[in-house]
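Take a look at the structure below.
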Amino acid sequence: MTQGSLLRQILEYENRHDPYPLYAELRKTPVLNEDDGAYVVSTYHEVLSLLHDPRVSSDSRNMTQSAGIDLQDQQEEETTLPPSFIRLDPPEHDRLRRLTNTSFGPPHEPRRVHEMRGELGGIVSDLIGGIGDSGRIDLVEQFSYPFPVTVICRLLGVPREDEPRFHGWADTLAASLDPMPGEDPTERDKLTQKARTELGMYLAGLIEERRKNPQKDMLSELAVHKGPDGSMTTMELLSTAALLLVAGHETTVNLITNGMLTLLRNPQVLERLRTDPDLSVPLVEELLRFEPPVQLVPNRTTLADIEIAGVTIPKGASLWLVVAAGNRDPLRFEDPDRFDPDREDVRHLGFGSGVHSCFGAPLARLEAQVALSELARRLVNPRLLEDPPEYRRNAVLRGPRHLPIACDDIRP
Amino acid sequence: MPADGYLERLKREGRIVVVGASLAGLRAAETLRTEGFAGTLTMVGDEPYEPYDRPPLSKGVLLGRTTPDHTALPRRRALEADWRLGTAATGLDMAAKRVRLDDGEEVEYDRLLITTGVRARPWPHDGEAGLDGVFVLRTRDDATALQKRLADGPRRVVVIGAGFTGSEIASACRERDIPVTVAERGASPLVGALGGVIGQVAAELQREHGVDLRTGVMVTGLEGDSAGRVRAAHLSDGSSVETDIVVVALGATRNTEWLAGSGLGAGPRGIACDAGCRAFDIRGIVTDDVFVAGDVARSPHPLFGYQFLSLEHWGNAVSQAETAAHNMLCESVDRRPHMWVPAFWSSQFGVNIKSVGVPSMGTELLISQGSLAERRFVGVYGYQDRVIGAVTFDQARWLPFYEHLIQTTAPFPPPFPTVDRRPEGARPVPADFPDPSVPTHGPTVTLSGYSPADRRMTFTPGRH
Ligand SMILES: Cc1cc2nc3c(=O)[nH]c(=O)nc-3n(C[C@H](O)[C@H](O)[C@H](O)COP(=O)(O)OP(=O)(O)OC[C@H]3O[C@@H](n4cnc5c(N)ncnc54)[C@H](O)[C@@H]3O)c2cc1C
């Protein structure tokens, strides 16, 4: 087995349920040069330093060729929209991210996320209340999936009556990230494209509407905002909204599902959480280390030769940063394969780091804290019906496709 | 007496005295307990308060966002210490291992840690300094008094000195819509710490926020009214400014007078110590039971040619305190050097400013990312063809990268492209620091000792 095949093995679906032994293998070569020229970096300190390295670009226009393994799971939006800030470098990135932040975080809206706690609790409560047959629950379908879409709808300001339509589009788009083998790709592409167009038109309409009648929601604020950075064009606003929808949603689904799976595998922790909801705070941090929803950051490229860990990554190389492997680097974390919510120093890479560090992190944290503590409280004697569960195809955004569980009852 | 037996006893039932109960003192005390010190711990502090945090004093407190009594430092653990607050140490007898206190008592120690920090340099003319309305800003009491007067809605505030503290005070005044005049001897604000190029940016920032900034001038005198209240400041250019409040922000003086005659290597520049925080005596011999940390310490740093660095940086106080505490309790082979890369932050006029390394050593400056005009940038300082410091305005996330360049003595100018490089970042410019022989209001880093530029020196170790 050549070393270069390691990444392929990681991308193989059969290893999806447990890539961690492969990550351990990968870390033996902190900077691995793949046969096809891509560089895979897997150790904590090296990943962290590249995330802060201004010679590393996220802008697709700097990609020399599509070097590296073709990512089946296309994560990018269609080219009809301008790239969202996740695929831009400063200063464009900074400008769009700052503009987005004016309606999401400090200094303008320091309490926006915090103030959603009550609303999140309500959504969680409704979803758990609607579960029905507690003998067989698919946690993904019935809970982790609908939860974040609903949250994003409320955040953006999608009217309640339109939420079901929005969910439909979101489902189709999310499914496109997860190609099903044996399915006709052209048919799916068509569906995806259609959903994308419809969603785009819907959002454009909503933005128009909000320009005339601003409300206290993010779309309105972004639409009417004028500051030192100017304001967003409608196209920029659309790609930002699409980014918030896809990135903010796909990751939270997996964070919650991985979380519940980990808790069910660690019943003592689940029991502690049941009686002590405050445990959810350190617990979610440890989860982000132990089972991060984003496993690796592909699509970065080098603007110059970069020497790291004794290897020179040449200018123009395609770079893969395996954050999930860094999170279990024994040089950084003691006993890294142990899930330990009492861990004191959990500076994980689960949200990345540097200028692209996860924009939605405060919201994702709160969503997961509220969801997991409430699940722990209300499900009586929950248990896994399948271990490991069926995973999604996606190696980058990794998580179970279904999580069948059962419980004796659901507490009010 | 076998050394390890001694250490065990020290840990179990020894006496450790910490003089200076502020940031460095508290963090050291916590580390001592965490590392297993079970003996008697005495905390001597001349302020009546439990350890509190100073950075908020010139930021949140002056803005009225927090009150001075809400600045207590968070405790990491219980200390079980004997607190002697409101008590100043007045002397040290190294032979008898005793610290004299101003209440006449003496406390004995097996190990002593000195963290007496610095104090604000007062207005040098006694009569004028005593006028009602003249302030400095270093302590909780200073902040309480100043904040109260700001809340009364003064006609105007005059700030003397545009270093970090002075600039932050001016920023707070403007945010509260109080007219403010800043008088600075140098060519621009922050010039001593960051040089003239960045200083120019700071100057524009101040003016844009409505500060009446006067540079290249000195305040020559303060004038009071018949009731002893300050009413005007006179400037060297012949002008004068009517005002109700004057804040003197002329840097700091090290609290070492109480050590005069003790035989410890303590003076106006601080207390010299080795990289392991052990103090030197006046003969240049390192002591084994007296340690120093925080603003009062000067210690040699390998990255800067082993010159002695005195830092007035929050992070340094914490890190040095932890190192000192660790070293106080262990064998020489287990001691750790304090090799913290200097780092500092400030926030003023809505901008987050951070620096790493020692910018004030730099002779050249390269704007490697962003733009001065947008006031969002990374500036890299070069000294003798290597990277010696960096500063960011609203770009702090890149700092770890530049810190690494400093740590690895990377070449200057950095020979690679970076994201967000603008035309102005094409080549370095002179960093434009004022002549070091002209004193400024005080950079927050001071270098003393021989210079790494000094290549004439040869050192021949003794024969084997
Ligand atoms: C207004 C202000 C804003 C600041 N902002 C920042 C910032 O934004 N970023 C940053 O990095 N740093 C900042 N600093 C610097 C930072 O606060 C200091 O670096 C830090 O407080 C140093 O801690 P220390 O414990 O060494 O000294 P100090 O905090 O000075 O404490 C020394 C203590 O010892 C006491 N003492 C002195 N002599 C005696 C004696 N003989 N007996 C008993 N006690 C004695 C003093 O009264 C004092 O309480 C700021 C400082 C001030 C004043």
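The values are calculated or read from the model by the stated rules, or taken from the named source; none is laboratory data. None of these values were measured; they are calculated from a predicted model. No Cβ is skipped: glycine too gets one built from the backbone with ideal geometry, and neighbour counts run over all protein chains shown.
Here are a few things to note about the model shown:
- Of all the listed residues (B:Arg84, B:Arg77), the sole one being within 23 Å of B:Arg33 (Cα to Cα) and near the ligand (Cβ under 9 Å from one of its atoms) is B:Arg84.
Per-residue answers, yes or no, for (1) assigned to a strand (DSSP E or B); (2) within 14 Å of chain A (Cβ to nearest Cβ); (3) under 21 Å from B:Gln407 (Cβ atoms):
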| residue | (1), (2), (3) |
| --- | --- |
| B:Ser355 | yes, no, yes |
| B:Ser368 | yes, yes, yes |
| B:Ala373 | no, yes, no |
| B:Val378 | yes, yes, yes |
| B:Tyr381 | yes, no, yes |
| B:Val387 | yes, yes, yes |
| B:Thr392 | yes, yes, yes |
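- Of all the criteria given as (1) more than 9 Å from the ligand (Cβ to nearest atom); (2) more than 25 Å from the chain's Cα centre (by Cα); (3) among the acidic types (Asp, Glu); (4) at pLDDT 95 or above, the one not satisfied by B:Asp102 is (1).
- Qualifying position, being of a type in the set (A, V, I, L, M, F, W, C), surrounded by fewer than 17 Cβ atoms within 10 Å (Cβ to Cβ) and modelled with pLDDT under 95, among B:Ala72, B:Ala96, B:Ala78: B:Ala78
- Region B:221-266: number of residues that are assigned to a loop (DSSP other than H, G, I, E, B), within 16 Å of the ligand (Cβ to nearest atom) and hydroxyl-bearing (Ser, Thr, Tyr): 2
- When each of B:Ala172, B:Ala193, B:Ala183 is tested for being touching a Pro at 6+ places or on another chain (Cβ under 9 Å) and under 30 Å from B:Pro342 (Cβ atoms), the lone residue that passes is B:Ala193.
- Subset tally (residues that are within 12 Å of chain B (Cβ to nearest Cβ) and closer than 21 Å to A:Asn101 by Cα) for region A:342-363: 6
- Every condition in (1) without any contact (Cβ under 8 Å) to a residue 60 or more places away in the chain; (2) not in a helix (DSSP H, G or I) is met by B:Lys148 except one, and the failing one is (2).
- Close pairs (9 angstrom Cβ cut-off, 6 or more residues apart or separate chains): without any contact (Cβ under 8 Å) to a residue 24 or more places away in the chain and within 11 Å of chain A (Cβ to nearest Cβ) in region B:406-431, surrounded by 16 or more Cβ atoms within 10 Å (Cβ to Cβ) and β-branched (Val, Ile, Thr) anywhere: B:Thr408/B:Val387; B:Phe416/A:Ile306
- The one condition from (1) loosely packed, with under 14 Cβ neighbours inside 10 Å; (2) within 13 Å of the ligand (Cβ to nearest atom) that B:Asp46 does not meet is (1).
- Region A:364-412 - residue that is within 22 Å of A:Leu245 (Cβ to Cβ) and charged (D, E, K, R) and, of those, nearest to the chain's Cα centre (by Cα): A:Arg398
- Residue selected from region B:318-342 under the condition in contact with a Lys or Arg (Cβ under 7 Å, 6 or more places away or on another chain) and within 12 Å of the ligand (Cβ to nearest atom), by the criterion farthest from B:Tyr383 (Cα to Cα): B:Ala321
- Matching residues, region A:353-380, being in contact with a strand residue (DSSP E or B) (Cβ under 8 Å, 6 or more places away or on another chain) and surrounded by fewer than 19 Cβ atoms within 10 Å (Cβ to Cβ): A:Val380
- Of all residues in region A:300-324 being polar (S, T, N, Q) and buried (at least 21 other Cβ atoms within 10 Å of the Cβ), the one that is farthest from A:Asp53 (Cα to Cα): A:Ser318
- Number of positions in region B:203-220 that are of a type outside the set (D, E, K, R), without any contact (Cβ under 8 Å) to a residue 60 or more places away in the chain and farther than 21 Å from B:Trp123 by Cβ: 2
- Qualifying residue in region B:263-270 (condition: more than 14 Å from the chain's Cα centre (by Cα), free of Cβ contacts under 8 Å to residues at least 40 places away in the same chain and within 22 Å of B:Val356 (Cα to Cα)): no
- Evaluation of A:Arg300 against (1) within 14 Å of another protein chain (Cβ to nearest Cβ); (2) outside any strand (DSSP E or B); (3) not small (Gly, Ala, Ser) (one fails), failing number: (2)
- Inside region A:30-56, residues that are buried (at least 23 other Cβ atoms within 10 Å of the Cβ) and within 14 Å of chain B (Cβ to nearest Cβ) make up a count of 7.
- From the list B:Glu312, B:Glu242, the one residue that fits, being buried (at least 20 other Cβ atoms within 10 Å of the Cβ) and within 30 Å of B:Arg156 (Cα to Cα), is B:Glu312.
- Residue in region B:121-134 that is more than 14 Å from chain A (Cβ to nearest Cβ) and within 12 Å of the ligand (Cβ to nearest atom) present: yes
- Against the criterion of being in contact with a helix residue (DSSP H, G or I) (Cβ under 6 Å, 6 or more places away or on another chain), within 16 Å of the ligand (Cβ to nearest atom), not in a strand (DSSP E or B) and not charged (D, E, K, R), B:Leu194 qualifies.
- Taken as a whole, the condition of being closer than 16 Å to B:Ala193 by Cβ, at pLDDT below 95 and more than 9 Å from every other protein chain (Cβ to nearest Cβ) does not apply to B:Ser346.
- Taking each residue of region B:304-319 that is within 14 Å of chain A (Cβ to nearest Cβ) and part of a loop (DSSP other than H, G, I, E, B) and looking for partners that are among the small types (Gly, Ala, Ser) and within 7 Å of the ligand (Cβ to nearest atom) with beta-carbon atoms closer than 8 Å, six or more apart or interchain, yields nothing.
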